[in-house]
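Accompanying notes for the structure given below.
Derivation of every value follows stated rules applied to the coordinates shown; laboratory data play no part. For clarity, every value in this text was computed on a predicted model and none was experimentally measured. FYI the Cβ positions are ideal-geometry reconstructions off the backbone, even for glycines, and counts take in every protein chain you see.
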Amino acid sequence: MAVKQALAAGAVLALGVSAAAFAAQGGSGAEPVVTHHMAAAGKGDVAAIMRDYADDAVMIVSGKVYRGKPAIEGVFKALLSDSARAPLVTNQKVYEGGIGYLLWTQKAPKGGEIHGSDTFVVRDGKIHAQTVAMATVPTAKP
């Protein structure tokens, strides 16, 4: 439990939100929102994915900031446009109130494996902030 709390606190601090301010803003219930988000992403349903985001949501992907639903929608359209993409495998899920953290892997299109993590900040049933980090790891040779 201490690890979950540390991850949640780290995510809140990394996104520049104090724990008290987060709680005051209605920070609760990330798990159902993130679960819906991942199911919609698995189906490639961009419209359903976008229903999970607040209008003023912020997404940070590998150091680049996307502000607002139109910008975030562009990210998903680009990510999901590859019809040959492999399913994403979630290796770890941690939820603490309005914070969700996922650790995942996916086969890379040109070989190897993509290792990634997502952190979500959810308030009032909407994703207000998300960070995504990912890197391609070459396949180990026997």
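Hey, does the range 121-129 have a residue that's over 16 Å from HIS37 (Cβ atoms), of a type in the set (A, V, I, L, M) and in contact (Cβ under 8 Å) with a residue 12 or more places away in the chain? Taking every residue of the range 121-129 in turn, none turns out to be over 16 Å from HIS37 (Cβ atoms), of a type in the set (A, V, I, L, M) and in contact (Cβ under 8 Å) with a residue 12 or more places away in the chain. Within the range 50-76, track down each residue that is of a type in the set (Lys, Arg) and closer than 24 Å to VAL137 by Cα. Passing the criteria: only LYS64.
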